[in-house]
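Taken together, the values in this text are just the output of simple stated rules run on the coordinates, not laboratory data. As the structure is a computational prediction, the values presented were derived from the model and not from experiment. Cβ sites come from the backbone with ideal geometry, for glycine too, and all protein chains shown count toward neighbours.
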Amino acid sequence: MKNTLPLIIAVILGFAAVFMVSRMMSSKRSGSSETKVEVVKAARDLNPSDEVTGTVIELQAISKEMLSERHIEWEKRYMILGQKMLRPVKEGDYITLNDVGSRSSLDRLVAKGEWAVPVSFSDTSLVQFLQPGDEIAILGTFSATETIVSEDKSKPDAIIEERVTSVVLPIVRILDVGVGDGMTGDPGASSKTVLIALSPPQATMLVAAQQTMELYPVLRHATDPSFRDRQEVGIVKKKTFDTLSEGLDLVTIPFKLDERK
C-alpha cells in the first residue's frame, strides 16, 4: 500500500498537468485567431463583357489585415450583380470594383477632395503588372542646380548643375491602368497611362513635373505604414556614386579563366 499510494498520486498529478497545458494551448490558439472578412472571388474564368451573376462568383474568407479598397465584401456583392466585366479575371482571383461596371462610373472611384490625374512614366516595365487599387510611389529624375559661394569675392559664385533622383510622391492610389479603353494587360500597347488619385495641389504639381522630370513608379504594399514622408528616403546625386567605392579593395580581372589566386 505504501508503494502504491505515491504511484497513484503521480498519475493524478500527470493528468492534471496535461489538462492544464491543454487548456493553456487552447486559450492561446483562440486568442491568436485572426479576424476574417468574406469577399467576392470568381467561381470560373471571366472575360470582358461577361455578366456578373450569382453563379459566377463565390465567397472567399481572408484576413482582415489583407482587406483593401480593391476587395468587394460578400455582403455588398449586390453592387456588382448584373454588371458587365471590363477585364478578364481568372477562376479563384478576387473581383474588384474596378473589374466591373462602365467607364462612366469611374468618377465614383475618386473620393471627395481628390482629382484623377493621368501620368505617363519614362519606364513602363512595372506598369504592365499594376492593377487598379494598387499603391505606388513616384520617383523623379531631374536637373538641379547648386550654388557654391566663392571665397574670393572678386570671382563669381560657381553654379553646378547635375541630375538627381528623389521621391516626388511617396504614396499614390491607382484608379485605372490602360490606354483609355478600360482594359489592363493589353499586349499591343507600347506605352500605358496610369490614372491616379491626388489632392488638387499634388495634382497640379504632378502635371508640371511631367514636363520637366523623368518619372518612375515603384510598387508599395497596400498596408505599409512606412516611408510615407519624402524626407525618409533622401536624394541620389553624383556624390552618391562617388562614395560607392570608398573603402573597397580593387578587384582585378585575371588574364586566364582558370587562374586561381
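For the stretch 104-261, compute Rh as the Kirkwood radius over C-alpha pairs and then the Stokes-Einstein diffusion coefficient at 10 °C and 1.306 mPa s; write the answer in µm²/s, rounded to an integer.
84 µm²/s
Among the trypsin sites (Lys or Arg not before Pro) found in the stretch 212-256, those both in a DSSP coil and sparsely packed, with 11 or fewer other Cβ atoms within 10 Å of their Cβ, are R228, K256. The lysines whose alpha-carbon is closer than 23 Å to the alpha-carbon of K76, local same-chain residues fewer than 8 away aside, are K36, K41, K64, K84, K90, K112. The stretch 121-177: which GluC sites (Glu not before Pro) are DSSP loop and have at most 14 other beta-carbon atoms within 10 angstrom? Sites meeting the loop and neighbour criteria: E151.
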